[in-house]
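Engineer: The structure's right below; bear with me while I get my questions together.
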Amino acid sequence: HFGGDGRAASDLSDTFDRIARIAASVADGKPRPLSWSDLLRGRDSGDDDRRRFIVVQPKLDYGTLAPAGHAIDLIRTIANDLGITPDKGATVRLTGSAALETEEMESVSVGASLSSVISFLAVAGLLVFGFKSLRLIVAALVALVIGLLWTAAFTAFAIGHLNLISIAFAVLFIGIAVDFSIQFGLRYQEEIDGGRDHADALDVSPHSDHLGGWR
């Protein structure tokens with residue numbers, strides 16, 4: 001097919017007629033624009049087909065997860081204040097690298113946040129099943145949260161901003177970091193069951209030469 005209206009490729013009469021009219025206008029000293037979109041559609045453009053492009057350079061704020069988020073919100077607010085809204089026959093759409101990256105970051109943030117919560121709850125359930133000790137469960141979860149916060153803070157300080165990888169890393173961190181808490185907690189329980197007091201068990205548990213099979 002030729003064009004979006006299903007015309008056959010051999011049916012080019014309307015296209016040639018349009019080109020002929022433009023050529024005749026130019027020959028008469030009355031040049032008219034030739035719209036390729038009209039040629040492809042086989043009809044004249046209407047109000048719904050009109051586009052206007054405004055190129056802007058947003059000021060990016062890398063102190064947030066969405067550097068262009070403030071600029072995008074401001075553009076939409078200005079458009080709404082000016083009455084450029086669908087109910088008045090106009091629609092504002094945003095594109096470009098900044099807008100696309102912001103949309104990607106929002107999508108990943110929502111997905112990563114849900115995955116992080118599910119992972120955290122799954123780990124908490126695993127700790128309840130394995131430790132059966134409220135003190136060890138709370139200690140492991142608090143250490144996990146503190147480690148995640150410190151890791152995010154170091155990333156922001158060293159790189160300057162968080163990115164898609166930083167957000168996705170949270171789920172990976174929860175699964176990996178809790179492994180050390182489990183090893184420490186089980187070693188602590190083993191020492192307590194062996195007759196050591198609380199202080200001695202805490203002193204012995206972190207040392208790798210006492211971890212035995214957990215090394």
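Engineer: Out of region 173-197, which residues are in contact with a Ser or Thr (Cβ under 8 Å, 6 or more places away or on another chain) and among the hydroxyl-bearing types (Ser, Thr, Tyr)?
Structural biologist: Residue satisfying the conditions is 188 alone.
Engineer: Taking the conditions exactly as written (assigned to a helix (DSSP H, G or I) and either closer than 30 Å to residue 186 by Cα or open to solvent by less than 80 Å² (accessible area, probe 1.4 Å) (or both)), does residue 122 satisfy them or not?
Structural biologist: Answer is yes for this residue.
Engineer: Mind listing just one residue for me: the one in region 157-186 that is surrounded by fewer than 17 Cβ atoms within 10 Å (Cβ to Cβ), among the aliphatic types (A, V, I, L, M) and within 25 Å of residue 61 (Cβ to Cβ) and, of those, modelled with the lowest pLDDT?
Structural biologist: 164
Engineer: Exactly one condition in (1) part of a helix (DSSP H, G or I); (2) among the hydroxyl-bearing types (Ser, Thr, Tyr); (3) under 30 Å from residue 160 (Cβ atoms); (4) at pLDDT below 75 is false for residue 64; which is it?
Structural biologist: All conditions are met except number (1).
Engineer: What are the residue pairs meeting all of these: first residue in region 84-106, first residue within 19 Å of residue 59 (Cα to Cα) and open to solvent by 100 Å² or more (accessible area, probe 1.4 Å), second residue aliphatic (A, V, I, L, M) and at pLDDT below 85, Cβ atoms under 8 Å, and 6 or more apart or on different chains?
Structural biologist: The qualifying pairs are 101/68; 106/66.
The values are calculated or read from the model by the stated rules, or taken from the named source; none is laboratory data. Predicted model, so just to flag it, every value in this text is computed and none were measured. Quick reminder, even Gly has a Cβ in these numbers, built from the backbone with ideal geometry, and neighbours come from all protein chains shown. Accessible surface is based on the protein model in full, side chains and every heavy atom, while ligands, DNA and RNA are left aside. Shrake-Rupley method; radii C 1.70, N 1.55, O 1.52, S 1.80 Å.
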